[in-house]
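Encoded as structure tokens, the structure appears first; notes follow it.
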Number of protein chains: 2
Amino acid sequence: MHAYTASRISLPSHSAQPSPPAAFGSEPQQPVNFFPAGSEIYAQGEKAGALYQVEFGAVRIYRLLADGRRQISAFHLAGETFGFEADSTHHFFAEAINATGVRAFRFSAGADMSHQLLPLALKGLTRAQEHLLVLGRQNAIERVAAFLVDMAERQGGLRQVELPMSRMDIGDYLGLTIETVSRVFTRLKDKGVIRLLSLRSIEIVKHDALHCMSE
Amino acid sequence: MHAYTASRISLPSHSAQPSPPAAFGSEPQQPVNFFPAGSEIYAQGEKAGALYQVEFGAVRIYRLLADGRRQISAFHLAGETFGFEADSTHHFFAEAINATGVRAFRFSAGADMSHQLLPLALKGLTRAQEHLLVLGRQNAIERVAAFLVDMAERQGGLRQVELPMSRMDIGDYLGLTIETVSRVFTRLKDKGVIRLLSLRSIEIVKHDALHCMSE
DNA sequence: CTGGGCACTTGATATGGATCAACAATCCGC
DNA sequence: GCGGATTGTTGATCCATATCAAGTGCCCAG
């Protein structure tokens, strides 16, 4: 169904960790599971019961409508954690965007992880609520600008930003079509705000201007 | 700035509680704070440090862009809880929609509430992520239908649904203008799917059809 | 190196919802 | 109950983005 080409990109792994990454309790180090590009990590409806931490690569979290429309609610880069659910069922799909390593932390029965989980859940909640503002009230340029600013910050705030995902993924994250995403990239390039180093790698030339556009 | 008229509506308080409402630890019963229609409960940037439970009335949680565009990320009805933040600062505004009673639970220093808070935070996270799908990928009719279905469920699944908020609030929640919200209501009425009992009270005539439209 | 298949870009056109503009209904103070 | 203010509805028009349709360039298999 989805056929994705293998990753050419390795993201810098100094991405800003939303909260202390490793050190989940004093559990023994979990093995890293490998997922090739486009492969499913879990599916909507499956039984949940583990947290996942991205070791390398990138993950998309999404939902589908009956007719195939897709909304990506989050991307997760190296160092970030995903997989919590309100009940014991996954309400979303998780897929590796490209070759990705993931550490799974199963909940040991009885162990109360709520102390570690709460800050991660709250961080996710804030992120999702901020994304609501983007989807509900911002136009195409503002959405793309906000996305690029966010990606830049999560990659350490460098000028060069790697985009591990396709234009379609970006569109499905921002509630836009691939054509609109592409056109906005071109416009930003023409304005000298960004440079397209390659399809999946951009340089932010005018950081302030970009930040401004994202409101 | 915002002037809201006083509430004419008292919501049925048997609304489906997302999780056990009262019983926050064994704390002494907190007093109910009263907020008149349109009044602020907390503001973005303020110091956080309490959870709030709606006793009666309704609350809107929102963010603003610099130019005044507003996105309401959630409504909270009687029995529901709001106010958690990832850090000690409020990232959103909370306002009483109409005359509203709220119980505030301050975090006692040292007390670890994470066990109670986590399920509420996760519930909120799932809600927000589902709302992302609505804002990112659904059209006006689907958005309104999804909103009405949600409101109906939260009010016990009865035919008659009370809408404590204005069309503007609904628009700012669904990422639409008041005109579009109004037109969709009219269309649903003309199709015989709903009946408008009064401005703030509707009857769902064809529940299945409505559910279907919300996808 | 060559050819086929994707992912992406670019252009032309269509359209859903925004905007602008009256108008109608409801609420509320007096 | 009256009159002004506020909230909601309806209609006409506009525009941002979707959709449809070529094209281009990149990547991988052979």
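Of all aspartates and glutamates in the structure, those lying under 20 Å Cα to Cα from B:Lys47, and not within fewer than 8 positions of it along the same chain, are A:Glu130, B:Glu85, B:Asp87, B:Glu95, B:Asp112. Within a straight-line Cα-Cα reach of under 22 Å, A:Lys191 can be paired with the following lysines, leaving aside sequence neighbours fewer than 8 residues apart in one chain: A:Lys206. Sequence-ordered 3J(HN,Hα) estimates for the stretch A:141-148 from the Karplus curve with 6.51, -1.76 and 1.60 and θ = phi - 60° stand at 5, 4, 5, 5, 4, 4, 5, 5 Hz, glycine and proline given as x.
Shape class of the stretch A:84-215 from the Cα gyration tensor (axes a ≥ b ≥ c, square roots of the eigenvalues): prolate, since a/c reaches 1.5 or more and a/b is larger than b/c. Here's the picture: a label point sits 7 Å out from the Cα of A:Cys212 along the beta-carbon direction, and within the stretch B:51-79 the residues with their amide nitrogen under 18 Å of it are B:66-68. In the context of the full set of protein chains, the stretch A:32-118 has a per residue accessible area of 37 Å² (1.4 Å probe). Here the dipole of the stretch A:60-174 is about 140 debye; that uses its Cα centre as origin and unit charges on the Cβ of Lys and Arg (positive) and Asp and Glu (negative).
Accessible surface buried at the A:B interface totals approximately 3800 Å², computed with a 1.4 Å probe on protein heavy atoms.
Residues in the stretch A:159-167 carry Karplus couplings, in order, of 5, 8, 10, 9, 10, x, 10, 6, 4 Hz; the curve used is 6.51 cos²θ - 1.76 cosθ + 1.60 with θ = phi - 60°, and Gly or Pro positions show x.
Here the 3J(HN,Hα) profile of the stretch B:191-199, calculated from phi with Karplus coefficients 6.51, -1.76 and 1.60 at θ = phi - 60°, is 7, x, 7, 10, 10, 9, 6, 7, 4 Hz, Gly and Pro shown as x. A cut-off of 5 Å between modelled amide H atoms, ignoring neighbours fewer than 5 places along the same chain, links A:Glu55 with A:Gly79, A:Gly101, A:Val102, A:Arg103.
Share of carbon and sulfur in the accessible area of the stretch B:32-135 stands at 54%, probe radius 1.4 Å. Between A:Gln160 and A:Ile204, the built amide H atoms are under 5 Å apart, and every one of these is 5 or more places off in sequence or on another chain.
Rolling a 1.4 Å probe over the protein heavy atoms gives the stretch A:138-213 an accessible area of 43 Å² per residue.
The values are calculated or read from the model by the stated rules, or taken from the named source; none is laboratory data. Bear in mind the structure is a predicted one, so any value in this text is a computation, not a measurement. Cβ atoms come from the backbone with ideal geometry, glycine included; neighbour counts cover every protein chain shown. For the accessible areas, the whole protein counts, side chains as well, though only heavy atoms, and no ligand, DNA or RNA atoms are used. Shrake-Rupley method; radii C 1.70, N 1.55, O 1.52, S 1.80 Å.
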